[in-house]
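A.B. asks: Handing you this structure, nothing more for now.
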Amino acid sequence: MRTLARYILPLLLWAPPAHALDFAAAIGLTPNVPQLQAAQKALREREDLDRTLPTASGNPEATLSPGVGFGPSGTGPALQLALTQSWSLGGLTRSRDDAARAERAVLQADVRARQLRLKLDAAHAWLQVAEAQKLLLAAQAEQALAVELQAVTQKAAQRGALMAADAAEARAFSGEAELRSVFYEGEVHDRAADLARLCALPPAPLPQATGLPPVVTLPDEAQWQLLVARAADLPEARARQLQADAERARLTETRAVHASTLQLGGLFQRDAAGDMQALATVGVRWAAFDNGQRAAAVAAEQVARAQGEAAQASHDGAHVLAIAWHEVEHSREREAVLRQKIVPAVEDLVRLREQAFSRGAATVFEVLRARRDRSEANRRLIEAETERIWAEIKAWLLHAALQPAAELRVGGEP
């Protein structure tokens, strides 16, 4: 144990204090991520500025024409003032408001889609940190046992009770156990750094996953299949559908921009003799030839592309939901086999080998091989448990995106 302490104690003394972070806190930090805050700010600014959209489709125009008049009545100053206001005959005001509304809906849907992606990323990262921490503790415990076995075999070899090769094999096993501890120390650091990035935390101190993972309540398989049919309502698919709607609204707006316009106004003029006149003016800009065909063609292309992306997003969403349920079932089965069959078997094997070794009825190699099997089985069980929890949380977050009343409890077993 003194050998083990020589390696671990400096790490404990020099490691910066960890930032304790449970699962709920990790998820709760995702709104602080800069990309989400930027998306929300963009939506607020767009809402504020869209409120200033005018009710008229054009701006008033004024033309002042001063000059000099020549004629039989003499020479003198002349003045002409024209005021006009144009109105779109293609419904520009309405189509502009509709396009702005559709674009705001896209921004809102994009915020919801980002929120879901960030929650999924943060949840997975937290579980990865928790898994690495478990694997590190298991490796350190195995290392401590390996150091003890190394000391026992070394003394036995000195007394001639064991061959020097047995002691050498025990030393090699102890070195392997130490190497695993070093590896998982690095994994804890790297995964914690990734979690800090996803939760908008500073790079130091790094977060430490604390507390129990969440326990989620999922629907049965029949209910889940009904959710698969609603894949178009997932945030990402919904955002793509709204994007297609916005592109169609922009196409309508583009056509309205290039539509015919009606111009109404008045004209006031004063000639050189001092006579004044006031006239009403009526004009039409007739879009007989150039009615924005080029711009409309580009907009129509964007509509077609957006519709295809929306259909693809719905198709992909259905597969994501179907695979999510399969991952839940498969991960539960894998964990059950490891927990109920493989791990108990290798625990019994280690116990029997160690008992036989203490009686001189087993070799060091047999004990080490049994311990290697136990270490591997425990590692696989920890990873399988993490995979099962992640599959359930992922399915729950997808379910919650479709069913706001989904239940989440923290702590305990599912």
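A.B. asks: Please compute the per residue accessible area over the chain with all protein chains in place, 1.4 Å probe, rounded to a whole number of Å².
C.D. replies: I get 56 Å² per residue for this part.
A.B. asks: For region 28-86, what is the Kirkwood hydrodynamic radius in Å, using each pair of distinct C-alpha atoms?
C.D. replies: Hydrodynamic radius (Kirkwood, Cα only) of region 28-86 equals 17.0 Å.
A.B. asks: Okay, next question. Starting from the 7 Å offset along Cα-to-Cβ, what nm value, one decimal, do you get for the label separation of Glu329 and Ala311?
C.D. replies: Distance between label points: 3.0 nm.
A.B. asks: Can you give me the long-range amide H partners of Gly69? Hydrogens built in the peptide plane at 1.01 Å from N, cutoff under 5 Å, separation of 5 or more residues or another chain.
C.D. replies: For Gly69, the qualifying residues are Gly76, Ala78, Ala272.
A.B. asks: Can you find, among Ala151, Gly308, Leu64, the residue sitting farthest towards the positive end of the charge dipole of the chain, where Lys and Arg contribute +1 and Asp and Glu -1 at Cβ?
C.D. replies: Ala151
A.B. asks: While we're on this one: Heavy atoms only, probe 1.4 Å: what % of the accessible area of region 22-98 goes to carbon and sulfur, would you let me know?
C.D. replies: 58
A.B. asks: Here's something else I'd like to know. Quick check: at a probe of 1.4 Å, how many percent of the accessible area of region 122-221 sits on carbon and sulfur atoms?
C.D. replies: The computed percentage sits at 61.
A.B. asks: Over the alpha-carbon set of region 216-284, work out the extent along each principal axis and list the three values in angstrom, largest first.
C.D. replies: Ordered largest first, region 216-284 gives principal extents of 94, 23, 14 Å.
A.B. asks: If r is the Cβ-Cβ distance from Ser65 to Val111 and R0 is 56 Å, what FRET efficiency results, to the nearest 0.05?
C.D. replies: With a Förster radius of 56 Å, E is 0.60.
A.B. asks: Taking the Cα centre of region 268-315 as origin, sum charge times position over the Cβ atoms of Lys and Arg (+1) and Asp and Glu (-1), and report the length of that vector in debye to the nearest 20.
C.D. replies: Once rounded to the nearest 20, the dipole reads 80 debye.
A.B. asks: If you don't mind, there's one more thing I want to ask. Any idea what the relative contact order of region 110-238 is, in percent, if you count C-alpha pairs under 8 Å spaced at least 6 apart?
C.D. replies: It rounds to 35 percent for region 110-238.
A.B. asks: To check my understanding: the extent here is largest minus smallest coordinate of the Cα atoms along each principal axis. What are those three numbers for the chain, in Å, largest first?
C.D. replies: 141, 51, 35
A.B. asks: So the label point goes 7 Å from the Cα of Leu79 along Cα→C-beta, right? Which residues of region 42-70 then have their backbone N under 11 Å from it?
C.D. replies: What the label zone holds, given the 11 Å backbone N cut-off, is 65-67.
A.B. asks: Counting residues in region 177-229 as N, plug N into 2.2 N^0.38 Å and put the Cα Rg over that result.
C.D. replies: 1.81
A.B. asks: Taking all protein chains in place and a 1.4 Å probe, what share, in percent, of the accessible surface of region 292-414 do carbon and sulfur account for?
C.D. replies: 53
A.B. asks: Under 5 Å between amide H atoms, partner at least 5 residues away or on a different chain: which partners does Gln208 have, H built in plane at 1.01 Å?
C.D. replies: Excluding prolines and chain starts, which carry no amide H, the hits are His19, Ala20, Leu21.
A.B. asks: Let me ask another. In nanometres, what is the gap between the two model label sites at Thr52 and Leu279, each 7 Å from Cα along Cα-to-Cβ?
C.D. replies: In this crude spin-label approximation the distance works out to 3.8 nm.
A.B. asks: I would also like to ask the following. Give, to the nearest whole percent, the P(r) tail of region 265-414 beyond 21 angstrom, counting all Cα pairs.
C.D. replies: 73
A.B. asks: How far is helix 2-14 tilted, in degrees, relative to the longest principal axis of the Cα atoms in the chain, given as a value from 0 to 90 rounded to the nearest 10?
C.D. replies: So the inclination is approximately 20 degrees.
A.B. asks: Cα axis of helix 293-337 to longest principal axis of the chain: angle in degrees, 0 to 90, nearest 10?
C.D. replies: Around 20 degrees separate the two axes.
A.B. asks: Let me ask something else about it. Quick one: 3J(HN,Hα) in Hz for region 142-149, Karplus 6.51/-1.76/1.60 with θ = phi - 60°, rounded, Gly and Pro as x.
C.D. replies: My calculation for region 142-149 gives 5, 5, 4, 5, 5, 5, 4, 5 Hz in order.
A.B. asks: May I ask you to compute the full-extension gain from Ala42 to Val228, defined as 0.36 nm times their residue separation minus their alpha-carbon distance, rounded to one decimal in nm?
C.D. replies: Taking 0.36 nm per residue and subtracting the Cα distance, the gain is 63.8 nm.
A.B. asks: Once you keep just the Cα pairs under 8 angstrom separated by 6 or more residues, what percentage relative contact order results for region 290-414?
C.D. replies: The value is 31 percent.
A.B. asks: Same structure, new question: Once you have the Cα-Cα distance between Glu221 and Ala362, take 0.36 nm times their residue separation minus that, and quote the gain in nm to one decimal.
C.D. replies: Value of the extension gain: 45.8 nm.
A.B. asks: Below 8 Å between Cα atoms, with a sequence gap of 6+, how large is the relative contact order for the chain in percent?
C.D. replies: After rounding, I find 24 percent.
A.B. asks: Computed over the Cα atoms of region 260-333, what is the convex hull's projected area averaged over all directions, in nm²?
C.D. replies: The directionally averaged projection comes out at 10.3 nm².
A.B. asks: With unit charges on the beta carbon (Lys/Arg positive, Asp/Glu negative), name the residue among Ala239, Ile393, Asn291 whose Cα is farthest towards the positive pole of the charge dipole of the chain.
C.D. replies: Ile393
The values are calculated or read from the model by the stated rules, or taken from the named source; none is laboratory data. Here the structure is a predicted model, which is why all the values come from computation and not from measurement. Don't worry about glycine lacking a Cβ; one is built from the backbone with ideal geometry, like all the others, and counts go over all protein chains shown. Ligands, DNA and RNA are excluded from the accessible area calculation, which covers all protein heavy atoms including side chains. Shrake-Rupley method; radii C 1.70, N 1.55, O 1.52, S 1.80 Å.
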